[in-house]
Amino acid sequence: MAKAYVLMGCSLGHEKSIISEIKSIENVKEVHGTLGLYDIIAKLEADSDEKITQTVTEKIRKVEKIGSTMTLMKVEGEELFKVNREKLMGSLLGKNNAQAYIVIHCDQGKEDLVLRDLNEIPEVKEADIVYGSYDLVGKIESETYKELENIITKKIRKLKFVRTTMTLTVVQEQGY
């Protein structure tokens with residue numbers, strides 16, 4: 001299964017309409033408005049990298065009012081990040097009101113070790129090694145934004161081999 005994360009910058013005030021349009025595009029599994037360097041993040045999954053590339057170039061980049069995109073393709077290979085029942089429990093119970101995506105730069109060749117360590121943090125619900133301008137992408141969920149902040153600053157940023165991070169906090173707004 002091919003997977004990618006597309007980070008998008010868009011014209012101010014057009015986030016809702018862009019998110020609505022992107023939701024209807026084939027291969028888009030999630031799309032969220034975010035706070036941070038980018039305005040929107042979308043997770044794509046398809047049968048092949050070619051289908052992901054086609055979706056990005058022929059559909060997403062043609063959405064009016066998107067000014068820029070950055071695509072982070074998942075590195076094919078062994079699934080090192082394991083999703084278990086405990087990791088999903090807060091989401092299933094509707095407790096996780098605070099969500100963010102974090103993109104990580106790490107020491108060269110240490111991506112799998114950082115991914116393994118991310119897997120040990122219960123609030124990290126998914127993570128992938130990617131290629132592009134960053135090394136890993138992870139989705140974090142918690143009950144509050146304060147708790148989310150603590151997870152990022154006191155757990156993730158302190159992991160061995162993590163150099164820098166960028167957080168994209170998911171906007172929890174009606175209509176997105």
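Given the criteria open to solvent by 20 Å² or more (accessible area, probe 1.4 Å) and under 14 Å from the mean Cα position of the chain (by Cα), does Asp112 qualify? Criteria not met by Asp112.
Test Glu76 against the stated conditions and say whether it is at pLDDT 95 or above and open to solvent by 20 Å² or more (accessible area, probe 1.4 Å). So Glu76 fails the test.
Annotation: Lys146 fulfils all but one of (1) under 25 Å from Met70 (Cα atoms); (2) at pLDDT 95 or above; the unmet one is (1). What are the residue pairs meeting all of these: first residue in the stretch 3-22, first residue hydroxyl-bearing (Ser, Thr, Tyr), second residue open to solvent by less than 30 Å² (accessible area, probe 1.4 Å), Cβ atoms under 6 Å, and 6 or more apart or on different chains? Once the first residue is hydroxyl-bearing (Ser, Thr, Tyr) and sits in the stretch 3-22, its partners that are open to solvent by less than 30 Å² (accessible area, probe 1.4 Å) give Tyr5/Lys43; Tyr5/Leu72; Tyr5/Val137.
Summed over the stretch 119-176, the residues that are in a loop (DSSP other than H, G, I, E, B), within 23 Å of Ala42 (Cβ to Cβ), open to solvent by 50 Å² or more (accessible area, probe 1.4 Å) and in contact (Cβ under 8 Å) with a residue 40 or more places away in the chain give a count of 6.
The values are calculated or read from the model by the stated rules, or taken from the named source; none is laboratory data. Owing to the predicted nature of the structure, the values given are computational and were not obtained by experimental measurement. Every residue, glycine among them, receives a Cβ derived from its backbone with ideal geometry; neighbour counts consider all protein chains shown. The protein model used for the area step is the full one, side chains on, heavy atoms only, and it has no ligands, DNA or RNA in it. Shrake-Rupley method; radii C 1.70, N 1.55, O 1.52, S 1.80 Å.
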